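One structure is given here, and the rest of the page talks about it.
The values are calculated or read from the model by the stated rules, or taken from the named source; none is laboratory data. Just so it is clear, the model here is predicted, and its values are computed rather than measured. Don't worry about glycine lacking a Cβ; one is built from the backbone with ideal geometry, like all the others, and counts go over all protein chains shown. What goes into the accessible areas is simple: the full protein's heavy atoms, side chains included, and nothing from ligands, DNA or RNA. Shrake-Rupley method; radii C 1.70, N 1.55, O 1.52, S 1.80 Å.
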Amino acid sequence: MKDGWIKVAAGSIPVRPADPEYNKQQILGRMSEADEAGVNLLVLPELCVTGYSCGDLFFSDTLLTAALHAAEEIVHATTTLYPVVVFGMPLRCEGKLYNCAIVAAGGKLLGVVPKTHLPGYGLLSEPRYFTSAACLGDTPRTVELAGCRAPFGAGVVFRHRTLEGYAFGVEICEDAWVPATPAQDMCCAGATIVVNPSASSEIVGKAEARRLLVQSTSARLRCGYVLANASPTESTQDAVFSAHHLIAARGQLLSESRPFEQKSLLVSEIDVSRVLHDRRENNTFAPKGAKETVWFDQSLRETALTLPVDPLPFVPSNVDERRERAEMILRIQSQGLARRLAHTNAKTAVIGISGGLDSTLALLVAVRAMDLLDRPHKDILAVTMPGFGTTGRTKSNAISLCEHLGVTLREIDIRASVRQHFADIGQPEDRFDVTYENAQARERTQVLMDIANMTGGLVVGTGDLSELALGWATYNGDHMSMYGVNAGLPKTLIRYVVQYEAERLGSSLARVLWDILDTPVSPELLPSDAQGNIAQKTEDLVGPYELHDFFLYHIVRAGESPAKIYRLARLAFAGQYADDVILHWLRVFCRRFFAQQFKRSCLPDGPAVGSVSFSPRGAWQMPTDAVADLWLAQNEHLENEI
């Protein structure tokens, strides 16, 4: 539960229809298993105390009384167990029979939620036996079970007494398949998790529909969703059940027990603090008061995470999805640039080409933009500007890339003009400080801007999202352009986009792109080493980009604290970076992120590509002089603990 992680489980039990005593023992066994696994919230299938397929036996007082006794023992058994348990049974109330979910914890009945939407098709025509919760109206009702009186009705939200965001609601099977689901109102009333005890029979294609339903519901309602389905032991007559369990959150499938897979518990973790963050961030999510709220207690424990933590949150792990994402990114970038070129009637697109990753991607995008406009590649002016740190490898790659793409290439050596500038301002040429570096970056930008003026063109920026987060750009140097095509892409993702183009284009051009991909990231503003190799490697100075992109995603996209990010980073980069190394670069990120906001406050236009953008025109609005003290203090506290 620490950091908002709630461990949830969907459980299967071997059911014997019309045998509550046997089913009770199976339920108790699953509860003990969940307790040992540290589960916070256990969900068991619909009507699992009796079995879903009892038919007219639901009219039997013998069966209903036995089910009631079994349920009472299950509720009492939660006294010594950690999980909150949700299980299904038929229950009589006020002369009617209801298909109910029982919610129990700490030996107490927390509430009873009857099913609202009763299907009249399939194995069991439920309206034949059960009354809909809709018949209860809006009058609050209670029911007594296991010596406890608790709320009885649909739409109840169960809230943890102290942990913000740990709140769940219950809908039962068919409730999830209707146009206006109970989950909608419960989530608007504060539920961050929806649980669904279900008995959904299996036919060809239904598993895919069920999976899509759960994922889309969790995306639309910005919630976690746990569906526990009836097991194959329920299969009888024409219906077969498959124990297809699903756990999803915010549109992502976290875990799945495939149809007919033999698994007693499907366990995962739902980050309710992330759910709350996403809801706060989106002001169209309209909250409203709960129909009824039930408060419960559960001791706070640190949740052992079983869910893998992606070290590259911006990069799809699936190869096919990654290629599809890369193509979409290139289309967004090139369409945006093409529109800007057409709107401004720019005769040329001017790009500073260094032989590095960022300028390579910008050039590839510009080529696509010209193709969209049915204009020749020669309208792209690629300018390579050797300086004091330019190496033969990067210069050669820049030239070769331009030749293969058929763009207009110009080489302008900036060393003489920079030396003159050093003389003008009194900067010693052997003092390799920030002035030495920035003078070159600003000279390159001036050259590009003036060439754009001469040719009626537009300067295409090459800087990326990771550099903007760290402020790793020279103010009014590479920080400035007339349209920054890479501004929405982090460094880790840019690598895969260029790789995609290398694989797609093939031939000798691919060899150039692969060598660029293998070249260390560097601004090349300091002299090369004695062998002519790059001496100034960016990641030696500001830290590994894979770490910084991880921090960037979790701070900006998820609003998470340094303590939580550190915990996640330790899992994501286990065996790759030591704890103190992660903390060191996390401190660097926090410090630079706050100190460099002034550069992000005046960025040029550029296409928003993903869910993270630093555009000051609505995507990211942060006071330029905001202080990082809270973040750095938390980081220091973590450092003192190791």
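Evaluated with a Cβ-only charge set (Lys, Arg +1; Asp, Glu -1), the stretch 449-519 carries a dipole of roughly 140 debye about its Cα centre, given to the nearest 20. With no solvent and one equal point scatterer placed on each C-alpha of the stretch 384-537, evaluate the Debye formula and give log10 I(q)/I(0) for q = 0.10, 0.12, 0.14, 0.19 Å⁻¹, two decimals. Log10 I(q)/I(0), no solvent term: -0.39, -0.57, -0.79, -1.49. Computed from label points 7 Å out along Cα-Cβ, the spacing between A423 and A209 is 8.1 nm.
On the basis of the beta-carbon distance and an R0 of 56 Å, Y475 and H69 show a calculated FRET efficiency of 0.15. Grouping the Cα pair distances of the stretch 1-147 into 10 Å bins from zero gives a pair-distance distribution of 12, 42, 34, 12, 1 percent in increasing distance order.
For E46, nonlocal amide neighbours, meaning residues 5 or more places apart or on other chains whose placed amide H falls under 5 Å from its own, are S198, A199, A230. Taking every protein chain into account, the accessible area of the stretch 39-129 amounts to 32 square angstrom per residue (probe 1.4 Å). The sum of -39500 (n - 2.57) across all DSSP H runs of n ≥ 4, divided by the residue count of the chain, sets its helix-only mean residue ellipticity at 222 nm to -12000 deg cm²/dmol. Rolling a 1.4 angstrom probe over the chain with all protein chains present gives an accessible area of which 50% lies on carbon and sulfur atoms.
What the phi angles of the stretch 606-612 give under the Karplus curve with 6.51, -1.76 and 1.60, with θ = phi - 60°, is a coupling list of x, x, 6, 9, x, 7, 10 Hz, glycine and proline written as x.
Relative to the 2.2 N^0.38 Å rule of thumb, the stretch 531-642 has a C-alpha radius of gyration ratio of 1.16.
In the stretch 564-609, the C-alpha radius of gyration followed by the widest Cα-Cα span (Dmax) gives 14.7, 40 angstrom.
Around the Cα centre of the chain, unit charges on the Cβ atoms of Lys, Arg, Asp and Glu (plus for the first two, minus for the last two) sum to a dipole of about 1120 debye. Dimensions of the stretch 100-222 based on its C-alpha atoms, expressed as ranges along the principal axes with the largest first, amount to 43, 35, 27 Å. At 20 °C and a viscosity of 1.002 mPa s, what translational diffusion coefficient does Stokes-Einstein give for the stretch 475-519, taking Rh as the Kirkwood radius over Cα pairs? Give it in µm²/s as a whole number. Stokes-Einstein gives a translational diffusion coefficient of 178 µm²/s. Full extension of the segment from T80 to S60, taken as 0.36 nm per residue of separation minus the current Cα-Cα distance, would add 4.0 nm.
Where the alpha-carbon atoms of the chain are placed on the principal axes, they occupy 99, 55, 42 Å, in descending order.
Per residue, the stretch 551-600 exposes an accessible area of 35 Å² to a 1.4 Å probe, with every protein chain left in place. Can you give the Rg/Rh ratio of the stretch 254-296, where Rg is from the C-alpha atoms and Rh is the Kirkwood radius? My calculation of the ratio gives 1.15.
Pairwise Cα distances in the stretch 142-196 exceed 18 Å for 40 percent of all pairs.
For the stretch 299-444, the solvent-accessible area of protein heavy atoms averages 48 Å² per residue (probe radius 1.4 Å; ligands and nucleic acids excluded).
What the Cα atoms of the stretch 199-281 give is an Rg and a Dmax of 14.0, 50 Å. The share of C-alpha pairs in the stretch 334-397 whose separation exceeds 20 Å stands at 30 percent. Think of the stretch 126-275 as having a plus end and a minus end, set by charges on the Cβ of Lys, Arg, Asp and Glu; of A150, V272, G251, V272 sits farthest toward the positive end of this dipole.
For the stretch 196-241, a Kirkwood hydrodynamic radius built from all Cα pairs, placed in the Stokes-Einstein relation at 10 °C and 1.306 mPa s, yields a translational diffusion coefficient of 137 µm²/s. Computed from the C-beta positions of S299 and A342 and an R0 of 60 Å, the FRET efficiency is 0.45 to the nearest 0.05.
Distant-in-sequence amide contacts of G484, defined by a placed amide H-H separation under 5 Å and a gap of 5 or more residues or a different chain, comprise G461, D605, G606.
Radius of gyration (Cα atoms) of the stretch 234-370, expressed as a multiple of 2.2 N^0.38 Å: 1.70. In the stretch 157-258 the Cα-Cα distances spread across 5 Å bins starting at 0 as 3, 14, 24, 24, 17, 10, 6, 2, 1, 0 percent of all pairs. What would the Debye equation give as log₁₀ I(q)/I(0) for the stretch 376-456 at q = 0.15, 0.26 Å⁻¹, counting only Cα atoms as equal point scatterers? Debye intensities relative to I(0), on a log10 scale: -0.61, -1.25. On full extension, the segment bounded by Q621 and E411 gains 71.7 nm, given 0.36 nm per residue less the C-alpha separation. Around the Cα centre of the stretch 1-159, unit charges on the Cβ atoms of Lys, Arg, Asp and Glu (plus for the first two, minus for the last two) sum to a dipole of about 320 debye. If the chain linking N318 and D540 were pulled fully straight, counting 0.36 nm for each residue of separation and taking away their Cα-Cα distance, it would gain 77.0 nm. Taking label positions 7 Å along the Cα-Cβ direction at both D605 and D374, the computed distance is 2.3 nm, reported to one decimal. Rg and Dmax over the alpha-carbon atoms of the stretch 594-642 stand at 14.5, 43 Å. The translational diffusion coefficient of the stretch 307-434, from Stokes-Einstein at 20 °C and 1.002 mPa s with a Kirkwood hydrodynamic radius over alpha carbon pairs, comes to 125 µm²/s. The alpha-carbon of K395 sits under 23 angstrom from the alpha-carbons of these lysines, leaving out residues fewer than 8 places away in its chain: K378, K491, K537.
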